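Rule-based calculations on the coordinates, nothing more; no lab input. Because the structure is predicted, anything quoted here is derived from the model rather than measured. Note that each Cβ is placed from the backbone with ideal geometry, even for glycine, and that neighbours are counted across all protein chains shown.
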Amino acid sequence: MKETPNMKKLNLSLAILALAAMSVSAQTTVNSPIVGYQTSTIAGKGAGASFLSFLPNNLAKAAIFTGGGTAVGTTVTLAGASLSGSIGPVSGVPTHYLLVKSGTGAGYVTDVTAFTAGSVTTADNISASIPSATTVSVVPHNKLSDILGTSTGLLITGGGTVTLADNVFLVDSTGALKTYYYKTGFGGGWKTSTGADATLTIVYPNESIIVSRKQTAPISVVTVGGVSDEQAKIVFSQNINSACSAAPLSIPLSSLYPTIAGGGTVTLADNVYLINPTTGALETFYYKTGFGGGWKTSAGAVADATRDISQGYLVQRKSSTAAVLTQSKTW
């Protein structure tokens, strides 16, 4: 993805819109973090072919609860909470996630699958990371429509079919890239490549969207939201994973190793996919171990380990054991 000229400066000094702690009721407290914005450019298609661009999701909506949490299994009791409204899944799609904000597990996120006034049930058992006196937040998910708009504020180009519209790719639960587009005309809205309704499609925290632009003109996307005030934990499970920097801040390719696995060949190592800034196509990289070790292209040429991957990257994890990348808070 190309960056606007002031992107580096913006990454290091986000525009501060608000920094306050607000009480919305006597029992539920919402802590408002630093709120900022970033501008990302989705490149035009170039000469006769689509051009891929990463679009990061690393600015969050305001939490509906922040406070003490204690977990037993997948049940997290929230101190002083008084939750209400639509917090559980809608049509099977999660609407909120739990974020661990303190302790050794700070940065873990897991979907909220059910709730009561004073607790939430989570998709994953991360109770070991939520002992007593741990601070947690319940945060609404960003949806695809929140980031790229709908009929009244669509940022990419829609079309009557998936072939005519700009395409958007997200990694699904199986590790496969799933295609979405915005359908115009009768029955319009966000759709999967097969035309199924995708209105509720969520983009996970620290996940990057891939956009394939069909038009020649580039477009700018301004995202606004809360900047993480804790370290991030990004989990790479077996198969393909999409990620970006946990904050609008540059990170190098070198930061991924040794969290991901190296190997003597590209076949044995975990693979990292980045977008070639000239061709707009995905390129493969890996960390070579042993003689002549270091970051390499798939052909074995020396790769630039300082290359900025903050906007997005894909990791193909070969092992069935998940790897957890901890991005320390440096902002």
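Odds and ends about this structure:
- Selected from G300, T284, A269, residue furthest toward positive end of dipole (region 266-331; charges at beta carbon): A269
- Checked against a 19 Å cut-off, the cross-linked pairs K143/K191; K233/K288; K143/K183; K61/K178 give Cα-Cα distances beyond that limit for K233/K288; K61/K178.
- Gap separating the Cα centres of region 278-327 and region 130-157, nearest whole Å: 28 Å
- Reciprocal of mean inverse Cα separation for region 232-327 (Kirkwood radius, Å): 13.3 Å
- Helical content of the chain, expressed as a calculated mean residue ellipticity at 222 nm, amounts to -500 deg cm²/dmol (DSSP H runs of 4 or more residues, -39,500 (n - 2.57) each, divided by residue number, nearest 500).
- For region 65-140, the spread of Cα coordinates along the three principal axes comes to 33, 22, 19 Å, biggest extent given first.
- Assuming charge only on the beta carbon of Lys and Arg (+1) and of Asp and Glu (-1), the dipole of the chain about its Cα centre is about 460 debye to the nearest 20.
- Taking only the alpha carbons of the chain, we obtain Rg and Dmax values of 20.1, 62 Å in that order.
- For region 174-236, the mean projected area of the C-alpha convex hull, equal to one quarter of the hull surface, is 6.7 nm².
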